[in-house]
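Colleague: Quick one: structure below, then a few questions.
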Amino acid sequence: MSLVLDQVTKQFGTFTAVDQLNLKVPEKEMFGFLGANGAGKTTTFRMILGLLDQTAGKITWNGRRIDYATTSEVGYLPEERGLYPKMKVSEQIVYLARLRGMKKQAILKELDGWLERFKVPEYKHKKVEELSKGNQQKIQFIAAVIHKPKLLILDEPFSGLDPVNVELLKKAVKDIKDQGATIVFSSHRMEHVEELCENLCIMHKGSPVVQGNLKEIKRSFEKKNIAIHADFDLAFLSDVPGVLKATYITEGVRLQVESEEIAEQIFRQVAAKGFVRKFELEDPSLHDIFIEKVGASFE
Ligand code: ATP
C-alpha cells in the first residue's frame, strides 16, 4: 500500500512547477513534504489526488491510479480552507462524508466523537461562518478523516492554529497513523516534521534537494553543532578555522562547525585550557539543513 510517484512533471505553460519527481512513501508511515513557498508541494498533492493532471510521469497508490473508485480510501485537507459558510457543521460533514460512501447514522456518531475530542461539541449545529478560522480548520480536518482513509494528504494541517489546538491535531494525526493509515503532510514548521516523520523530502523549485530517512539525513550532513560550557573565556573559538558560526550565551557557546574532525580539534583545544562543564556534539536540526539546501528563498 505505498504511494509511488515516478518521474512526475507538471508544467503550467512554459513554467515547470514540478520537475521529474520520484517519490516513494512507505505504507503506514508519516511522510514530511517540505519546501519554501512555491516549491511545488500543493501542485504535487493535487496531482496525487487526481485534481490536476500531470504533464508527464505516473502516480500510483497500491499499484493503481487514484480516481473516483478510490475516493473512500483517500482523505485530503486542502491548503485553501473551503467549507460552505452558510451550512451547519453537521450538515456539512454529513454531505462530505456521504460523498466518501458513509451512511448518515455512522457519520453522526463519528462526528460526535470528533467534536468531543476537539473540545467543540457545541458547534455541531452552528453555521460554519459563525466559527473562528482555527475552529473551521478543525471541522475541515474532521471532514478529511471521518471516513478513516488509508491514505491521508494534509496540506499545512497545523498552520493558523493556537498551540493547544496544534497539540490536539498532532495527537489525532499520530493516532490515525497508529491505526494503519499512510499520511503525507506538508509544513513550514520544521519541528513538526522532526517530531512526526521518519522519512521526508525537501522540495526546491519543483525538485527534491534532500530525500530519505530523517536520522540518516541528519547523520550524513557534514556540518555539526557543538554546545560548550566552561568556566574560562571561550571567545577565541570564533577565530578557529572550521568554525562557521558562534553564538555566545551566559554559560558558554554554541558553535556550528564544518565537520566532526573540526569538533575533535576543538575538543582538544578547550580541554587543554581548563575545566569543561559540557561538551556536546549534536546532529544538525532540520532547520539548519533546510536553510543550507534551500537557502535564502525560505520565508
Ligand atoms: P506554498 O508553500 O506557498 O503553499 P507550494 O510548494 O505549495 O507553495 P505550489 O502551490 O505547488 O507551491 O506552486 C508551485 C509553483 O507553481 C508556483 O510558482 C505557482 O505560482 C505555480 N502554480 C501553481 N498553480 C498554478 C496554476 N494553476 N497556473 C500557473 N502556475 C501555477
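Colleague: Regarding the stretch 3-218, what's the average projected area of the Cα-atom convex hull, expressed in nm²?
Modeller: So the Cα hull casts an average projection of 11.7 nm².
Colleague: Using mean Cβ contacts within 10 Å as the protection proxy, how do 268-278, 39-49, 125-135 order, highest first?
Modeller: Highest mean packing first, the order is 39-49, 125-135, 268-278.
Colleague: Count neighbours as other Cβ atoms within 10 Å of each site's Cβ, and list the GluC sites (Glu not before Pro) in the stretch 2-83 that are DSSP loop with at most 13 such neighbours.
Modeller: Sparse-neighbourhood loop GluC sites (Glu not before Pro): 80.
Colleague: When the helices in the chain are scored as -39500 (n - 2.57) per DSSP H run of 4 or longer and the sum is shared across all residues, what 222 nm value do you end up with, to the nearest 500 deg cm²/dmol?
Modeller: The helix-only estimate for the chain comes to -10000 deg cm²/dmol at 222 nm.
Quick note: the coordinates plus some simple rules give every number you see, no bench work behind them. Remember, it's a predicted structure, so these values are computed and weren't measured experimentally. Here the Cβ is made from the backbone with ideal geometry for all residues, glycine too, and neighbour counts use every protein chain on show.
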